[in-house]
Amino acid sequence: MLRVAVLADTHVRDGGSTRMPDRAWDEVRASDVVLHAGDVMGAEFLDELRAAKPVHAVLGNNDGSLAGVLPETLVVELAGVRIGMIHDSGPRQGREARLRRTFPDAGVVVFGHSHVPWNAAGLDGQLLFNPGSPTQRRAQPHPTMGVLLLDAGEVRDAEIVTLD
């Protein structure tokens, strides 16, 4: 069983005061790999994540300093599950079809941008997963992140974790 910590919209600037909550770091350390769906914001934080676990990340709209370092989209295979990653999935209306077209062979699509946690089926059984934000909950009741449990080509569990 592969445990995957899923982050997005951490907004941790180099030299800034924003820090990821201890509970989020506990989840990262308990996982085998980290997926970050953009708006990392700083190379130092990305390096800190990479020092803890292997990281796959995509570029967010606020990641100007990471342009050319992170791709805009990415497909990874973990425990036999193909996972597509993108920061901005676009408007809610039409999201399922748009992400199926963008990642036709992915069983899971991880995205961010809205800071709204999302864990729901898309088209043809594709899982659409936005972990929310561990640092900027905006209108959400809690800061959040995600955890995926993958095994033998299947998603065994997908959970949005509240961090307060």
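Structure values in brief
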{"read-out": "Val58 being within 16 Å of the chain's Cα centre (by Cα) and farther than 21 Å from His115 by Cβ", "value": "no"}
{"read-out": "Residue in the range 89-97 that is part of a strand (DSSP E or B), within 21 Å of Ser133 (Cα to Cα), of a type outside the set (Asp, Glu) and in contact (Cβ under 8 Å) with a residue 40 or more places away in the chain present", "value": "no"}
{"read-out": "The listed residue being more than 15 Å from Asp88 (Cα to Cα), touching a helix residue (DSSP H, G or I) at 6+ places or on another chain (Cβ under 6 Å) and of a type in the set (Val, Ile, Thr), out of Val28, Val40, Val33, Val4", "value": "Val28"}
{"read-out": "Residue tally, condition exposed (fewer than 15 other Cβ atoms within 10 Å of the Cβ) and at pLDDT 95 or above, over the range 1-22", "value": "3"}
{"read-out": "The range 9-53, residues that are among the β-branched types (Val, Ile, Thr) and either within 14 Å of the chain's Cα centre (by Cα) or over 19 Å from Leu163 (Cα atoms) (or both)", "value": "Thr10, Val28, Val33, Val34, Val40"}
{"read-out": "From Gly84, Gly112, Gly146, residue being at pLDDT 95 or above, in contact with a strand residue (DSSP E or B) (Cβ under 8 Å, 6 or more places away or on another chain) and in a loop (DSSP other than H, G, I, E, B)", "value": "Gly112"}
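The values are calculated or read from the model by the stated rules, or taken from the named source; none is laboratory data. Just so you know, these numbers come straight off a predicted model, no measurement behind them. All Cβ positions, glycine included, derive from the backbone under ideal geometry; neighbour counts span all protein chains shown.
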